[in-house]
Every structure is written in C-alpha cells, then in structure tokens.
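Bear in mind these aren't lab numbers, they're just calculated from the coordinates by the rules spelled out. Keep in mind that this is a model prediction, so the values were computed, not measured. Backbone-built Cβ (ideal geometry, glycine too); neighbour counts: all protein chains shown.
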Amino acid sequence: MKKKNKKPHGRDEVETALIEAAADLFSKHGINAVSVRDVASHAGVNHGLIHVYFGSKDNLRQRTHEYLLKKLWNTKINFDDLDSALLSGDQVLKKDKRFMDFILREVTDNVKDKGPVANKFPFIERVVELVKKEQENGKMIPDIDPYSLVVGLVAMRISFITFRRFLLPAAGKDFKDPEKATSEIMDEWFSILKK
C-alpha cells in the first residue's frame, strides 16, 4: 500500500501527508482493514509519527473525517437559486469521491463516534433559506418543514451516489446512463414539492 511520492518534511507536511494517506486508504479498504503502518507507508513516513501527531488511529480517523468534511464545505457552491444550489451541491459531492466512501466505511466498519460530525452544516443552512423563500413566494408546498425537506433531498442524493447500482435497477431505470436516470428520479421527487 506504499505511495511513491516525495517524502514530506516538517510537522504540517507530515500531518497533511498522513491525513491524505488515511483518506485514500480508509475510503478504499475500510478503517478496520488498514493499519497505522499502512497509512505511514502510504504517506512515506515512519509509523511512529502517527502516534506523535495524532495519538491513536482513531484520532487520525477523526481528523481525516474533519479534513474531508472541511474540503467539502470549502468548495464553491452556487446559491443563486434552489435548483442551482442542489445541482452544484451534487457536483461538489462528486469532486472528492473519498468523502462519500469514507463515510460509508465509517458506517459499515461500525466505527463509534462520540457525537455528531459537526454542529453546523453550511450547505444545509443555505439551502433551507432558499426553500423558505420558495415557500414564501408560493412556489413550493408551504406546510413541509424546510429542514426535513432539505435533509431528505440530500440523503436521497447521497443514497444514489452510494447505492445507485442497486437503486436504479429497482426503480426500473436504464443503468446505461446512471446520471440521467438519477436526475430523472430526483426531478420527479422534487416536482412533487413544487406548486
């Protein structure tokens, strides 16, 4: 699992290299299947540095989760209107496939966490505001809680990214063009909410 690369130097470079290596390996092989030696080898550093900088494999996992989440939030999203926000949010999720794979690995590896990953979700908050505007303008059903609506749509989209191999055939959609099939399903669901 060794990565051929320039050897990192200094605390910042080593930490980043270890987090990047953990993101690569944990998302690909699972958290339980990867050792600290694997991560260190992939990063091109001594495995003892994981304990020096992170204290434990679980702390490295948590920092990797935070790192991938931060990268996701720092990507530019178009909040001009609701449709643009949902479309660009969808594109952001596809930019670094490791994030979704990492989250899935955390769930399937039964990694226990000490609470929510974050207290605030900037994307959700911004999209909720757009939904409220649509409701106020009479363009969307007003008696649906905006937070429930947005979280439901995000969960549905994440499900299609992660499980579309199973969901699209179950929906009777042609799997030859999964993006088109997923968009059709999302559009159909979203149209139910509009007036």
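Please state the relative contact order of region 28-161 as a whole percent: Cα pairs under 8 Å, 6+ residues apart? It comes to 22 percent, rounded to a whole number. Computed from the Cα positions only, the extents of region 10-66 along the three principal axes stand at 28, 21, 15 Å, in decreasing order. For mean projected area of the Cα convex hull in nm², several values are listed as (i) 13.0; (ii) 11.0; (iii) 15.2; flag the one computed from this structure. Entry (i). For region 10-66, a crude dipole built from +1 on the beta carbon of Lys and Arg and -1 on the beta carbon of Asp and Glu, taken about the Cα centre, is about 200 debye to the nearest 20.
For the chain, a Gaussian network of Cα nodes joined below 10 Å ranks K94, K176, K57 by mean-square fluctuation, and the top entry is K176. Comparing V154, V52, V127 in a Gaussian network model of the chain where C-alpha atoms under 10 Å apart are linked, the largest mean-square fluctuation is found at V52.
For the options H65, H42, H29, a Gaussian network treatment of the chain with springs between C-alpha atoms closer than 10 Å singles out H29 as fluctuating the most. Across region 10-66, Cα pairs under 8 Å and at least six residues apart give a relative contact order of 37 percent. When the charge dipole of the chain is built from unit charges on Cβ atoms (+1 for Lys and Arg, -1 for Asp and Glu) and taken about the Cα centre, the candidate among F102, L193, S35 whose Cα reaches farthest toward its positive end is S35.
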